[in-house]
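The values are calculated or read from the model by the stated rules, or taken from the named source; none is laboratory data. Treat the numbers as computed from the prediction; the structure is a model and nothing was measured. No Cβ is skipped: glycine too gets one built from the backbone with ideal geometry, and neighbour counts run over all protein chains shown.
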Amino acid sequence: MSRYGYLSIDSGGSTNSVKYSNEEQIIFILEGKGLLKYDSILIPVTNNDFIYIPVGVKYSLENPREDTLKAIIMGFNIPENIKVEPTPAIMIANSEVVQFQILGQHGPTTQFQLLMGTTESRRDRLAATIQVNSLFIMDFATGGTNIPHRHEREEEIYFVLRGGGEMVAGSSPDGKEMRFPVKERDAFYFAPNTLIGFYSNTKEGEEHARILAVRSKLIE
């Protein structure tokens, strides 16, 4: 993982055009509406859109609206020995059309939207990436949990979209979970083999806590 940033564009503002020769990127629109310039194509974007930016594609974002445009920008280096095939067309979707599902190993109180995975993926909305194994959203029922677990050879970032609770981020020398209070817009980075988990503190009648997560392969 080479970058993970929070982008805010005021009304009438725009970013510089950028492209990377050895890095794939993902954009997730948090709030607002704007325009993505993808090479020479201008594409409208809105909140909850997620977009794959391949190696070598020049892009920029602009905000012609009154409300601020907010997004997460993620970047992932491609190993030198991997040949990257050109992406035939822009790959974009919106999380609102992705169905929630329960993944058994994570317990019944958490539902997942599987947004983006590798080009071989058969379960994600977009099968696009080289280094990113999974981009997904977790929705936690009242008092729900993401059962603590480890990924031996992957790094991961959790970004709290809404709600709060306790994040498990590592373990003590005697094996106990290390928990940290979190709130909306907090982010956690997890190195490979770190103990990872989450305990929601939302109450009955409140909106479920949600986390945007991305997990990528470790470059040898």
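Taking residues in the stretch 99-128 that are under 20 Å from Ala89 (Cβ atoms), and partners anywhere that are surrounded by fewer than 15 Cβ atoms within 10 Å (Cβ to Cβ), the pairs with Cβ atoms closer than 9 Å and at least 6 places apart or on different chains are Gly117/Arg123; Thr119/Glu85; Arg125/Val97; Ala127/Thr119; Ala127/Glu120; Ala128/Thr119. Looking only at the stretch 83-107, count how many residues are farther than 24 Å from Phe28 by Cα and either in contact with an Asp or Glu (Cβ under 7 Å, 6 or more places away or on another chain) or not assigned by TED's automatic domain parsing to the domain that holds Val132 (or both). Of the residues in that region, 1 qualify. Scanning the stretch 147-166 turns up no residue that is at pLDDT 95 or above, of a type in the set (D, E, K, R), touching a Leu at 6+ places or on another chain (Cβ under 8 Å) and assigned by TED's automatic domain parsing to the domain that holds Ser21. Restricted to the stretch 4-18, and to residues there that are touching a Leu at 6+ places or on another chain (Cβ under 8 Å) and hydrophobic (A, V, I, L, M, F, W, C), the residue that is nearest to Glu155 (Cα to Cα) is Leu7. Of the strands (runs of 3 or more DSSP E) that lie entirely inside the stretch 19-59, those containing 1 or more residues that are within 21 Å of Thr119 (Cα to Cα) span 23-31, 33-38, 49-53.
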